[in-house]
Each structure stands twice: as C-alpha cells, then as structure tokens.
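In what follows, a single structure is set out as structure tokens and then discussed.
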C-alpha cells in the first residue's frame, strides 16, 4: 500500500520521539514545519518535490517576513524529513540536501548584570508560600543554568542538598550533574519544608515545584512569574527563564571559569554552541594582557617604533 503524506509524517514523528529521543516540543515544531510545506505543495505528493520547490517555499517564507532563524529551522525540518524518507526508500533523493541554510547572526539576548540578578532573586516575598517556591525556582535556575523545561521537570529525587548538586535530564534525554550553591540549596530546603506540603494538601507527587492547585509547575506558568518579578525589580532588558541561563554562563566565564566546564554545566553536546560566549573570554584575555605583558602599557608612538 502506498504511504500517504500524513502517514509518512506520523512515522517520522515517531522516529524522532523514539529513536532520536527529541523533546516533545521539538517533535511538534518539526511536524508543524513539514505540514506547512505540505500545504505549500497544494496537493502534490511530498515524493515529487524538487530542490526548486523547496527553494520557492523558502523564498515565500522570506516574502512573508519570517526571520532567517525561523526559515533555517523550516529547512532543517525538511532536510531531516527527507533524510528519513530516503532511509526508508520512500524517495530516490533528498531534495533539501543541496540547499544552504540562511546565514544567521549568532547573538546573545540582553545579558543581566549581577546587580540585576540580585534584584530579580530578591523580588519574591519568602514570607508567603508561593514566594518561597518562586524564590527557590529562581535561585535554582540561576545557580544551575537550567533550561526552563529542565527546571519544571525536576523531581524531588533529583536533588542532593547535602552534597550540593542536582541531576538534570537535558535534550536528548542526556543526564548531567550540576553543582548547586548554598543560596539555592537554602531556598529550596525552605520551600520543601514549609511551602510544598501546603500546595500538595496531603497528596503525594514526585515533582519538585508544585502550583497552588497541587499540580506540577508549567513552563508557561513560570514564564509569567519571572516576567512579573522582572517588572517589579525594574529590570530594563527583556527577561525570560532563558535569560537567567545566559546570565549563569556569562557570570561564570567572567569569574574565570573555562569554556569546557561551562559547556558541561549547560549540557551543550557541542562546544560550538557554548562558543557564543567567547567574546567574554576575549575580554578576559585583553584584560590579562593589559595587566601582565611588559609592553601592554606602551604609548602608541613607542609601539609604532617597534619592529612589527
């Protein structure tokens, strides 16, 4: 029986979930992207698509105002989809393979200063149960550099407050151990002992962070919480849960941490992902050079006289 487009997409989604162990959000994004391309084909079979069709599709997205990053993701989804179809002998070639992704400027979002982070983490009223929980979540997020999904997915058993670390399950179901500082441990211990039981109301849950309704905190729920505290703290740059992850990495590197250690703590599979922070290391090298090299302080005129 000839496979239909929908059945091929469903099989591909299952492949991403089971074999590649991609997160639910990633899988759903790929599914959406492929369905959009299917709509663009206007009834033509996905097996009939040529590189010119995909190029025309990307141009239409550009005309519609889609960012280069979003267009690159759409192309990445199509490359993966056709690679899967090629592996399953459902197409003779991958029509997306020869196309290059739109050039992306890799940039960091607005980075929070240490003063901003202090103001943000001091915003929750820890005299109230939800303030205790929110403070613990903010402290853990900044102390461990977690993704927001990793934060809300934490279980009680993932913590070792005595030893000072937590276990996090990152992208691709990759587990890592991350150190947890004293302030984060203290805030989490206070929340577990004096606020969490009240949220559960006698029920049991393996989840660490619980809402007022006794259910696990969601990504969207925490996003609203952190936005409200950022406004309360008077922080000018846009703030999201991921902003604290970037602040974690930035402040570690500024404090002298090496890139490989930060890579391990962030859970980046490839060092190239962590290298968006190399501008910090370049600043450090310049500072060390200016401080330590015997000729770093030469006036410009003297430097020009050197044989260089």
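Could you work out how much longer the chain between residue 32 and residue 207 gets when fully extended? Use 0.36 nm per residue separation minus the Cα distance between them, nm to one decimal.
Details: separation 175, 0.36 × 175 = 63.00 nm, distance 2.97 nm.
Here the answer is 60.0 nm.
In percent, what relative contact order does the stretch 5-87 have, based on Cα pairs under 8 Å that are 6 or more apart in sequence? That works out to 34 percent.
Look at the alpha carbon pairs under 8 Å that are at least 6 residues apart: their mean separation over the length of the stretch 154-199 gives a relative contact order of 26 percent.
Read-outs: derived from the displayed coordinates by stated rules, not from any lab. Values in this document were obtained by computation on a predicted structure and should not be read as measured data.
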